[in-house]
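In what follows, a structure is listed as structure tokens, so that the remarks can point back to it.
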Amino acid sequence: MPAQILKGKPLADKIKEQTRKEVEELKQKGIEPFLVAVQVGENAASKFYTDNQRKNAEQLGIKYELRELPAETTQEELIKYIEDLNNDDKVSGIILQMPLPPHIEAREVQWKIAFEKDIEGVTPHNMGLVSFGKPRLAPCTAVGAYELVKSTGIDLTGKEVVVVGHSDIVGKPAALLHLNDLGTVTVCHIGTAKAGKTPEHVARADVLIVAVGVPGLIKGEWIKPGAIVIDIGINEVDGKIVGDVEFDKAVERAGIITPVPGGAGTMTTAILLRNVVEAAKWQAEKR
Ligand SMILES: NC(=O)C1=CN([C@@H]2O[C@H](COP(=O)(O)OP(=O)(O)OC[C@H]3O[C@@H](n4cnc5c(N)ncnc54)[C@H](OP(=O)(O)O)[C@@H]3O)[C@@H](O)[C@H]2O)C=CC1
Ligand SMILES: Nc1nc(=O)c2c([nH]1)NC[C@@H]1CN(c3ccc(C(=O)N[C@@H](CCC(=O)O)C(=O)O)cc3)C=[N+]21
């Protein structure tokens, strides 16, 4: 029997509706959530995301501004720009859009974001909270994947959770979130691939989360029958968007699988906006 297709939109819509209500409540208390996205230079994938941010922020009553800086902006200028946003009491959340031009060291700038405004969870403080099992502002795509897994009703205790990809923004926090629920977590990365061991780890997975950016990396026949498969990859192949999992074959073995597009990616913006509200509350506590 082919897998159940787990779409992201129903859960994303639920999160957005809850967030919209919370925005209303905050406004009644005189708090106006305000998201600022900072884009340096131009990038098509980033433009898609910021368009999505604007549209959704408007629907939810969250104030939104995209600040577009020239590609020649220096690292020092960008840090100054971020620090000014940190010091602006009207700004609740800051997202620094990726990629940055090659002359800028992303981490050097991300780590300057005030942690109470760090709605992508890219600062050491917020990543630390995730690793201590006390997430507050956690990376949006990782949280989205985790909440999709939870939405299936699975009890993660003792389950084999395999995460492929170990980036700071997706793979690593996704692994930590599942570890916090007592999943037995394995993280596969380029070292695993070099050792030729990815297939054997994938074959054990009750829950498989893939965030690499290589189309068809995960073969359908590796997947354990009945597994939950969350495909985070976004790749353009012949003008079509596909994930990292060989979907047509995987769907015959998995129990539940997310489509690309329409799966995990759909959650990212919803979680980002929920984080803006959380950030506004965090700042209000401190005033
Ligand atoms: N839906 C959404 O909102 C989002 C989707 N994405 C998509 O998710 C994917 C991953 O994104 P992101 O984490 O930012 O990407 P990165 O490029 O930062 O990370 C990719 C990770 O995969 C690892 N890797 C590379 N090759 C292999 C391999 N053959 N086997 C196993 N692991 C490998 C890399 O390891 P190493 O660094 O050691 O080489 C790295 O940890 C992309 O397709 C991206 O477009 C990303 C963000 C948001
Ligand atoms: N600092 C930073 N953080 C990011 O998370 C980040 C970024 N920069 N730069 C650009 C990429 C791209 N990105 C996407 C977000 C949502 C969808 C998304 O909503 N996708 C849906 C909808 C697709 C559609 O409607 O066609 C899907 O895949 O199903 C896709 C891609 C986040 N990125």
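Each value in this text was obtained by applying a stated rule to the coordinates, not by laboratory testing. Being a predicted model, the structure only gives us computed values, none of them experimental. Here the Cβ positions follow ideal geometry from the backbone for every residue, glycine too, while neighbour counts run over all protein chains shown.
Please determine, by comparing only the residues of the range 120-148 that are part of a loop (DSSP other than H, G, I, E, B) and within 14 Å of ligand 1 (Cβ to nearest atom), which one is farthest from Thr269 (Cα to Cα).
Val122
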- request: Examine the range 86-103 for a residue that is exposed (fewer than 13 other Cβ atoms within 10 Å of the Cβ), within 16 Å of ligand 2 (Cβ to nearest atom) and not polar (S, T, N, Q), and state whether such a residue exists.
  value: yes
- request: List the strands (runs of 3 or more DSSP E) that sit entirely inside the range 213-281 and contain at least 3 residues that are within 19 Å of the chain's Cα centre (by Cα).
  value: 228-231
- prompt: Can you name the residue in the range 119-137 that is free of Cβ contacts under 8 Å to residues at least 60 places away in the same chain and of a type in the set (Gly, Ala, Ser) and, of all such residues, is nearest to Leu176 (Cα to Cα)?
  reply: Ser131
query: Is there a residue in the range 249-261 that is in contact with a Leu (Cβ under 7 Å, 6 or more places away or on another chain), of a type outside the set (S, T, N, Q) and over 30 Å from Lys63 (Cβ atoms)?
result: yes
message: For the range 162-198, give me each residue that is in contact (Cβ under 8 Å) with a residue 12 or more places away in the chain and loosely packed, with under 15 Cβ neighbours inside 10 Å.
response: Leu182
statement: Among the residues of the range 251-287, the number that are surrounded by fewer than 24 Cβ atoms within 10 Å (Cβ to Cβ), over 30 Å from Asp88 (Cα atoms) and more than 13 Å from ligand 1 (Cβ to nearest atom) is 5
query: His178 fails exactly one of the following numbered conditions: (1) under 21 Å from Pro99 (Cα atoms); (2) touching a Phe, Trp or Tyr at 6+ places or on another chain (Cβ under 8 Å). What is the number of that condition?
result: (1)
